[in-house]
1. Assuming 0.890 mPa s and 25 °C, estimate D for the stretch A:257-403 with Stokes-Einstein, Rh taken as the Kirkwood radius over Cα pairs, in µm²/s.
2. Please work out whether chain A counts as rounded, prolate or oblate from its C-alpha gyration tensor, where a ≥ b ≥ c are the square roots of the eigenvalues and a/c under 1.5 means rounded, while otherwise a/b larger than b/c means prolate and anything else oblate?
3. For chain B, find the longest principal axis of its Cα atoms and tell me its angle to the long axis of helix B:37-51, 0 to 90°, nearest 10.
4. Which log10 I(q)/I(0) values does the stretch A:347-403 give at q = 0.20, 0.30, 0.31 Å⁻¹ under the Debye formula, counting every alpha carbon as one identical point scatterer?
5. Helix-only mean residue ellipticity at 222 nm, the protein assembly as shown, DSSP H runs n ≥ 4 weighted -39,500 (n - 2.57), per residue, nearest 500. What is it?
6. Take the Cα coordinates of the stretch A:199-286, assign each an equal point scatterer, and use the Debye formula without solvent to give log10 I(q)/I(0) at q = 0.14, 0.23 Å⁻¹.
7. When N counts the residues of the stretch A:242-320, how does its alpha-carbon radius of gyration compare numerically with 2.2 N^0.38 Å, as a ratio?
8. When a/c is below 1.5 the answer is rounded, else prolate if a/b is larger than b/c, else oblate, so apply that to the stretch B:1-54 with a ≥ b ≥ c taken from the square roots of the Cα gyration tensor eigenvalues.
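Read the figures in this text as sums done on the coordinates, not as results from a lab. Predicted model, so just to flag it, every value in this text is computed and none were measured. Using ideal geometry, Cβ is built from the backbone for each residue, glycine included, and neighbour counts are taken over all protein chains shown.
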Amino acid sequence: MGRSRVVITGLGGLCGLGTSVREIWAAMRAGRSSIGEITTAPLHELKVRIGAEIKELPEHGLEKKRLVTMDRYSLIAILAAGEALAQAGLKIDENNASRIGASVGTGIFGAETVEENYRGLFIEGRSRANVFAVPRIMPGAPAGQVSMEHGLRGPVFGVTSACASSNHAIAIAADQLRLGRADVMVAGGTDAPLSYGVLKGWEALRALARETCRPFSADRDGLVIGEGAGMAVLETYEHATARGATILAELAGSGMSADATDIVAPTVEGPAAAMRACLADAGLKPEDVDYVNAHGTGTKANDEIETAAIRRVFGAHADRLSVSSTKSMHAHCMGASGALEMIACVMAIREGLVPPTANYREKDAACDLDITPNVARERKIRAAISNGFAFGGTNAVLAFRAA
Amino acid sequence: MADKLSQEIIDKIKAHADMEGGEVTPETELNALGIHSLELTEIIFDLEEAYGIEIEMNTVEAWGNLKNVGDMVAAVRELIGAKA
């Protein structure tokens, strides 16, 4: 007996591009980048002044009593999950709540809360931290808050693997369904890292772009950090069809690997192994794939190595692939990146349109794939993979297929 | 009766409460303030700091029995008195 197919019946997201999947996809189609000056957080003497921020959160109606218990990264996770659940049309009640769970990736932590408390203690001379400091900061908080807000009583946990967190969270959510631990999983990722301490740390790494993120362009000079959250409602095909749900796409498979070499420097073999494992898990041949949503951070090293890894896995078919890095538009939203890129993949499959790599200027011989420069391309997409590679060498790749 | 101590405590509570324009008085029930129980602890710690009093954990538990803002004021008043 074959294993159950896992399908996506709802999507939700917020990032610099917009506060709903509809808005995010409209921006991606248009190749519009949301990278700009950071205005919502105090930057003090930071050199880095750019990011992709959510200018204004949508109306959410959460009580103050609830809001004081959560960091911004939990709040946006709740909102993304709410949008995804609404689209899925799932009624959660006493009968099914314990069969519905959530797995939420984060690559950072509740950064805004850390910032407020460190400043309070070290600069303003306060004698104690906020009583909610711990429950706001902890990496399991977004998952817990999503479960509370939406009444999910199944398996609920946070997942963390730096920039690949979302992909790991989504992959392991599918496992919960196949293992019979849940009938429905809300899965994705969240991060709100546009705060002084986090940006200061990235500044020290010298990995940040001066002007904007230009993946695969010869004049690229680094990544740009963004904030956001993305969620999918995942369920088995049988469960979705039994309740008459609309299936948006199939989560066809996932592949994971570790470089096990260096905490920051990527390898070709690690990412290649994850892509290969993903194709095998999804039952896809390289030539079945039409679109690769690249990890594409815009750093010199990543984009070159990722190009080499894609060539190694796809062979001659690599030149027939459409590739793009949507990080050129929503920036690198850390633990939410994979979830936002899942939105790009699912919408690309549904609409037959490859979202472009924005901000592209100059050809780089070391990045010679068709990276869909600046303008979206119409193309039937049978299957897409989404790459997530991370500091720590922890790689996770997801495959999506037309429903 | 809103003496200086009551008024100060009410002001601290107001900073945390979600009263949608409603007034906070000594008669206001604590559970009507829209404050998370853990945040109430935060207010108690604020008072500790402001009045140089020490509230032991078992006292905090005892405060779980407080019903309204006036009860809270009376408890702080008692601790200040004990200190003097």
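1. On the way: Rh = 14.9 Å.
Translational D for this selection: 165 µm²/s.
2. The shape class here is oblate.
3. 50
4. So the normalised log intensities are -0.93, -1.11, -1.13.
5. Working: 17 runs with 181 residues, N = 487.
Roughly -11000 deg cm²/dmol at 222 nm, from the helical runs in the protein assembly as shown.
6. So the normalised log intensities work out to -0.86, -1.14.
7. Relative to the 2.2 N^0.38 Å estimate, the stretch A:242-320 comes out at 1.27.
8. oblate
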